[in-house]
Amino acid sequence: MKLTENEKEQVYKKCVDVFGVDYQYLCANEEMGELIWAISKYQRKLKNNSSADEIKQTKDNVIEEIADVLNVVETLRYLFGKDEVDKVRKEKLTRALKRCQSSDTEIK
């Protein structure tokens, strides 16, 4: 199901209206923590030569947590003002690009 930007904003608004702003902050904290945990577990599985099935399961969990974090971040973007967030994001992406272009070393 593909949602338009307007439809997505309606979802964010509904979530805030139903659950409240504080709940959105709590969810954001929880989801970001779960993503950190999932990435750490994925790194451990890769380093410990785990089976392909274990690595796939762990990777799938990382993907699920990324989706959760993106959803809560979009809700935060709605709450804090998407135009302001987008402006700062553009500035940060531009700065990152300049750093990458001027760097002589590889990022590892």
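The numbers here are math on the coordinates, done by the rules we state, and not lab data. Predicted, not measured: the structure shown is a model, and the values here were computed from it. Because the Cβ atoms are built from the backbone with ideal geometry, glycine has one as well, and the counts that use them run over all protein chains shown.
One line per residue, one yes/no per condition, for (1) out of contact with any strand residue (DSSP E or B) (no Cβ under 9 Å at 6 or more places or on another chain); (2) touching a residue at least 12 places away in the same chain (Cβ under 8 Å); (3) part of a helix (DSSP H, G or I):
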{"residue": "Met1", "(1), (2), (3)": "yes, no, no"}
{"residue": "Tyr23", "(1), (2), (3)": "yes, no, yes"}
{"residue": "Cys27", "(1), (2), (3)": "yes, yes, yes"}
{"residue": "Lys41", "(1), (2), (3)": "yes, yes, yes"}
{"residue": "Asn49", "(1), (2), (3)": "yes, no, no"}
{"residue": "Ile55", "(1), (2), (3)": "yes, yes, yes"}
{"residue": "Asp60", "(1), (2), (3)": "yes, no, yes"}
{"residue": "Ile63", "(1), (2), (3)": "yes, no, yes"}
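Residue selection: Asn71 fails the criterion of being exposed (fewer than 12 other Cβ atoms within 10 Å of the Cβ), assigned to a helix (DSSP H, G or I) and within 15 Å of the chain's Cα centre (by Cα). Say whether the condition of being closer than 30 Å to Asn6 by Cβ and surrounded by 15 or more Cβ atoms within 10 Å (Cβ to Cβ) is met by at least one residue in region 43-57. Looking through region 43-57, none of the residues is closer than 30 Å to Asn6 by Cβ and surrounded by 15 or more Cβ atoms within 10 Å (Cβ to Cβ). Looking across region 29-39 at every residue that is touching a residue at least 24 places away in the same chain (Cβ under 8 Å) and charged (D, E, K, R), the one that is nearest to Val72 (Cα to Cα) is identified as Glu31.
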